[in-house]
Amino acid sequence: MHPDEWQARVQLAACYRVFAMLGWTEMIYNHITVRLPDSATGGAKQFLINPFGLHYSEVTASNLLKIDLQGNKLDDNPWPVNPAGFTVHAAIHDGLPDAHCVMHTHTTAGVAVACTQGGLAQNNFYSAQLDDLVAYHDFEGITIHADEAPRLLKNIGDKPVVILRNHGLLAWAPTLPLAFVRLWTLQRACEIQMAQAALGPAIAVPPAVARKTTHDSFQFDAQFGAGQDVFDALVRQVDRIDVSYQN
């Protein structure tokens, strides 16, 4: 195996364990995918995805599935691919050149906000860091139909985080750590919004302040790690619990 593929496998497996540690799991469902680097594939579009049937806490570097853009397995891994799982991911990987990593969740807070007419409210510290970065895509049912892809891509545009209405949250980025920190920020904003909604009317963040806050949010900036330091800290937590993902 090319060392760059193995490195990608270990990082992705670690991410699945981070999601499990954070409680961002949905039994055996949902997915985090990465495109393998050209150095490992010779330029072919190949991807890693979790084996369908395993909980995130069971994912390891070696049992991740290698698939093509149509979701066909490219190795002799005995686990199947979830066809509904890769439809959205394939559209984004194929349609957005910088989408190295795509993450999708069904967290309670994320789905709750996705079910509200207003979507993400601009009323807290975390949503203020996402000014003009959030796209919305209307619910079309279980994502197994490829003809949804053009509409999804049109709605995403160049926005790095997506609220799939009535469905859940999604983030994509040129690196896995950046996708993670973007999704974490959106998830945190949704958690605060859901808690705040029970307390009465919120104090809105003025648009100019939100723009300034997003501009000043260094966690997304490559000069300040672009999520790498945050992700590394969480992986160290995982390592103290269970390092079997490295196998």
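Quote to one decimal, in nm, the extra length available between Leu199 and Trp79 on full extension: 0.36 nm per residue of separation minus the C-alpha distance between them.
In short, 38.6 nm is gained.
What span do the alpha-carbon atoms of the stretch 116-247 cover on each of the three principal axes, reported in whole Å from largest to smallest?
Principal-axis extents of the stretch 116-247 (Cα, largest first): 44, 39, 31 Å.
Can you flag which of Lys45/Lys159; Lys45/Lys212; Lys73/Lys154 are past 26 Å Cα-Cα? Walk me through the numbers on the way to the answer.
Values: Lys45/Lys159 22 Å; Lys45/Lys212 38 Å; Lys73/Lys154 28 Å.
Beyond 26 Å: Lys45/Lys212; Lys73/Lys154.
Can you grab the distance from the C-alpha centre of the stretch 96-162 to the C-alpha centre of the stretch 178-247, Å, no decimals?
15 Å
Per residue, how much accessible area does the chain have with a 1.4 Å probe, in Å²?
Values: 11440 Å² over 247 residues.
I get 46 Å² per residue for the chain.
Tell me, what HN-Hα J-couplings in whole Hz come from the Karplus equation 6.51 cos²θ - 1.76 cosθ + 1.60 at θ = phi - 60° for each residue of the stretch 8-25, using x for Gly and Pro?
Karplus-based 3J(HN,Hα) across the stretch 8-25 equals 5, 5, 5, 5, 5, 4, 4, 5, 4, 5, 4, 4, 4, 5, 7, x, 8, 10 Hz.
With the full set of protein chains in place, find how many percent of the accessible area of the chain is carbon and sulfur; take the probe as 1.4 Å.
On the way: 6520 of 11440 Å².
C and S fraction of accessible area: 57 percent.
Within the chain, what's the longest stretch lacking chymotrypsin sites (Phe, Trp or Tyr not before Pro) that sit in DSSP loops with no more than 16 other Cβ atoms inside 10 Å? Kindly include the intermediate steps, with their values, before the conclusion.
Working: sites that count: Phe125, Phe139.
In the chain, the maximal stretch lacking such sites is 1-124.
How many percent of all Cα-Cα pairs in the stretch 4-80 sit more than 14 Å apart? Don't jump to the answer; show the numbers that get you there.
Numbers: 1672 of 2926 pairs.
Summing the P(r) tail past 14 Å for the stretch 4-80 gives 57 percent.
Amide H neighbours of Ala226 under 5 Å, at least 5 residues apart or on other chains, H built in the peptide plane: list them.
Those qualifying (amide H under 5 Å, at least 5 residues apart or on another chain) are Asp221.
Would you work out the relative contact order for the stretch 1-131, in percent, from Cα pairs under 8 angstrom that are 6 or more residues apart? Walk me through the intermediate numbers first.
Details: 178 pairs, mean separation 31.4, N = 131.
Result for the stretch 1-131 is 24 percent.
The values are calculated or read from the model by the stated rules, or taken from the named source; none is laboratory data. From a predicted model like this one, the values you see are computed outputs, not experimental measurements. A quick note on method: Cβ atoms are made from the backbone with ideal geometry, for glycine too, and the neighbour counts reach across all protein chains shown. For the accessible areas, the whole protein counts, side chains as well, though only heavy atoms, and no ligand, DNA or RNA atoms are used. Shrake-Rupley method; radii C 1.70, N 1.55, O 1.52, S 1.80 Å.
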